[in-house]
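None of the figures in this text is laboratory data; all of them are computed from the coordinates on show. It should be emphasised that the depicted structure is a prediction, and the values quoted were computed from it without experimental measurement. All Cβ positions, even for glycine, are placed from backbone atoms using ideal geometry, and neighbour counts span all protein chains on display.
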Amino acid sequence: MIKAKIEKVSISSITENAANPRTINKHKFQKLVNSVNEFPEMLSLRPIIVNKDNVILGGNMRYKACKELGLKEVYIIQAADLDDKQAQEFIIKDNVGFGEWDWDVLANEWKSTDLEEWGLDAWQNMDDIETSDDFSLPDGDKEPFQQQTYTLADAQAEQIKNAIADVKKTEEYKYIETFGNENSNGNALYLIISQWAEQRK
């Protein structure tokens with residue numbers, strides 16, 4: 001069982017996570033700053049989560065907001081019993097459904113297969129996937145879906161990841177024909193290719 005208790009500590013005693021994958025735009029950050037300023041009691045209700053070394057696992061944006069306001073103390077929970085894998089899992093699960101992701105940080109710091117398992121619909125790096133020449137799907141499970149693998153240069157992969165992330169934010173993506181496919185990256189790629197094909201006509 002993981003033990004945790006809320007403590008009030010000097011803000012200088014905790015450290016921002018350099019590998020924090022969540023980003024926030026200036027407008028939303030200012031709203032967070034205003035929220036903390038108007039209702040500072042929320043900080044004791046939503047303490048910052050840190051590891052055994054007081055590096056932030058959850059609450060990087062609240063930490064930045066507190067620094068912006070010049071606060072000297074913050075509430076924390078030190079999750080000292082988490083191992084490295086559990087800490088990474090916590091960071092992802094704590095942020096699923098909130099804010100935006102820094103895909104470069106995710107690609108460099110996390111295994112894509114772990115991200116998928118923890119609820120983040122990410123690309124899959126071939127280095128993360130265990131493969132076997134003996135693997136095969138039963139005939140009944142092959143249709144109507146396929147998994148395709150391509151080899152890309154880093155620059156190509158980066159552009160494709162960015163394009164997929166961008167198209168997911170569009171209105172067209174909400175209404176795309178998925179043919180029953182639940183993989184959002186596959187659906188986004190299909191929309192990109194469909195739009196390209198339409199422009200070629």
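A few remarks follow.
- Phi-based couplings in Hz for region 159-170 (Karplus 6.51, -1.76, 1.60; Gly and Pro marked x): 5, 5, 4, 5, 5, 5, 5, 5, 5, 5, 8, 8
- Applying 0.36 nm per residue to the separation of Leu69 and Ala18 and subtracting their alpha-carbon distance, the gain on full extension is 16.3 nm.
- Peptides 37-45, 159-167, 193-201 ranked from most to least packed give 159-167, 37-45, 193-201, packing being the mean of other C-beta atoms within 10 angstrom over each peptide's residues.
- Annotation: amide H of Asn181 has no partner in the under-5 Å range at sequence separation 5 or more or interchain, hydrogens built in the peptide plane.
- Distance violations [Cα-Cα > 19 Å] among Lys8/Lys72; Lys85/Lys168; Lys8/Lys67; Lys28/Lys67: Lys85/Lys168
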